[in-house]
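Visitor: Can you keep this structure in mind? I'll have questions shortly.
The values are calculated or read from the model by the stated rules, or taken from the named source; none is laboratory data. Keep in mind that what you see is a predicted model, and the values were worked out from it rather than measured. Every residue, glycine as well, gets a Cβ built from its backbone with ideal geometry; the counts of neighbours run over all protein chains shown.
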Amino acid sequence: MSKILLIASQKGGVGKSTTAINISSVLANQGHDVLLVDSDRQASVSEWWAERKLHHPDKPKIACIQKYGELDDTLIDLRNRYEYVIVDVTGRDSEEMRSAMVVADILLTPVKASQVDINTLPNMCKIIKQSRVFNKRLLSYVFLSIAPSNPKINEIEQAKRTILDFSELQLLKTVVFDRKIYRDCMADGLAVTELNGRADSEISAKKEMLALVEEVLHGQI
């Protein structure tokens, strides 16, 4: 059964585009038919896709389009053509986010482990609640992204405790840490799961993304 997965947040710089391209790549490498919808005018996803198409033609194919404004009718049509439609929208309350939310199967919200970022979640929950009036099947998840890797910093556990208070968002176990390898892959047109190196950062990043996909799409939560 085809699915529309919306990556959305009320704040920029939380790793939305990185999440979108890595999830898409995991699915494509598993043999699924995947479309990326770039609805963020910064076009990070489109730039990654163009780099991939030019320099890595041997990698599994991922389709990509740019679409702005109201997305609902377009996404309904695309769901009939692809197994997975992955939508990346701008990091704020937008027409693209709201129109995609009323037809999406899954909403995935990355958030940093900081009070400034967590303060955006009440409004996100309000929008989710409004969307469920029209889209009762919507599943909404939140996960910690670009998290500090220093074990002496206890921001992660503090953030988790706070996020659990938001009933409209289900907190995932997977935490995606702040790793340079994600930024390098974004520039190179690859996903972390497509790397062949044995560096600890690569291995850890691969595990994070595979775990995230497993939680979001297979119910292992």
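Conditions tested, residue by residue: (1) touching a residue at least 40 places away in the same chain (Cβ under 8 Å); (2) out of contact with any Cys (no Cβ under 6 Å at 6 or more places or on another chain); (3) farther than 18 Å from ASN22 by Cβ; (4) hydroxyl-bearing (Ser, Thr, Tyr).
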site: MET97; (1), (2), (3), (4): yes, yes, yes, no
site: ASP117; (1), (2), (3), (4): yes, yes, yes, no
site: VAL133; (1), (2), (3), (4): no, yes, yes, no
site: SER149; (1), (2), (3), (4): no, yes, no, yes
site: GLY189; (1), (2), (3), (4): yes, yes, no, no
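Visitor: Which is touching a residue at least 24 places away in the same chain (Cβ under 8 Å), under 29 Å from GLN30 (Cβ atoms) and of a type in the set (Asp, Glu), of GLU168, GLU194, GLU155?
Guide: Numbers: GLU168 fails: under 29 Å from GLN30 (Cβ atoms); GLU155 fails: under 29 Å from GLN30 (Cβ atoms).
Only one candidate qualifies: GLU194.
Visitor: Considering each residue of the range 190-221, count those that are at pLDDT 95 or above and not in a helix (DSSP H, G or I), and give that number.
Guide: Of the residues in that region, 2 qualify.
Visitor: Would it be correct to say that ASN123 is without any contact (Cβ under 8 Å) to a residue 12 or more places away in the chain and over 20 Å from THR18 (Cβ atoms)?
Guide: When the stated conditions are applied, ASN123 does not pass them.
Visitor: Taking the residues in the range 7-27 that are closer than 16 Å to HIS218 by Cα and of a type outside the set (Ser, Thr, Tyr) as candidates, determine which candidate is surrounded by the fewest Cβ atoms within 10 Å (Cβ to Cβ).
Guide: The qualifying residue surrounded by the fewest Cβ atoms within 10 Å (Cβ to Cβ) is LEU27.
Visitor: May I ask you to say which residue of LYS207, LYS173 is charged (D, E, K, R) and without any contact (Cβ under 8 Å) to a residue 12 or more places away in the chain?
Guide: LYS207
Visitor: Within the range 154-176, track down each residue that is among the small types (Gly, Ala, Ser) and out of contact with any Cys (no Cβ under 8 Å at 6 or more places or on another chain).
Guide: ALA159
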